[in-house]
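Taking it in order: structure first as structure tokens, then the write-up.
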Amino acid sequence: MTRRLDLRGRKSPYPIVRIAKVVMKGSPGDRFEFLVSDKASVDDVYGWVERTGNVLRRVDKKDGYWVIEIERR
């Protein structure tokens, strides 16, 4: 099951802070979907997953926001 968190309308660094907290509370293999409207937050995610070893499953651009899916490692 994929859990979803809507962070649209929030500016960096708030989304990456929330994303980190939510993902790190999960168990290995858990998947999370985040909705963000701030491009800087999308950029933050790439560096964060590289540093933490979590898996960035997808980043999809929608109408005015991005859908980010991360798998906990």
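None of the figures in this text is laboratory data; all of them are computed from the coordinates on show. Only a predicted model underlies this, so the values are computations on that prediction, with no experimental measurement involved. With ideal geometry, Cβ positions are generated from the backbone for all residues, glycine too; neighbour counts draw on all protein chains shown.
So which residues in region 1-26 are over 13 Å from K39 (Cβ atoms), buried (at least 16 other Cβ atoms within 10 Å of the Cβ) and β-branched (V, I, T), if there are any at all? Matches in region 1-26: I19, V22, V23. For region 1-22, filtered to residues that are under 19 Å from Y65 (Cβ atoms) and part of a helix (DSSP H, G or I), the residue that is nearest to the chain's Cα centre (by Cα) is I19. In region 27-50, which residue that is of a type in the set (G, A, S) and in a helix (DSSP H, G or I) is surrounded by the fewest Cβ atoms within 10 Å (Cβ to Cβ)? By that ranking, first place goes to G47.
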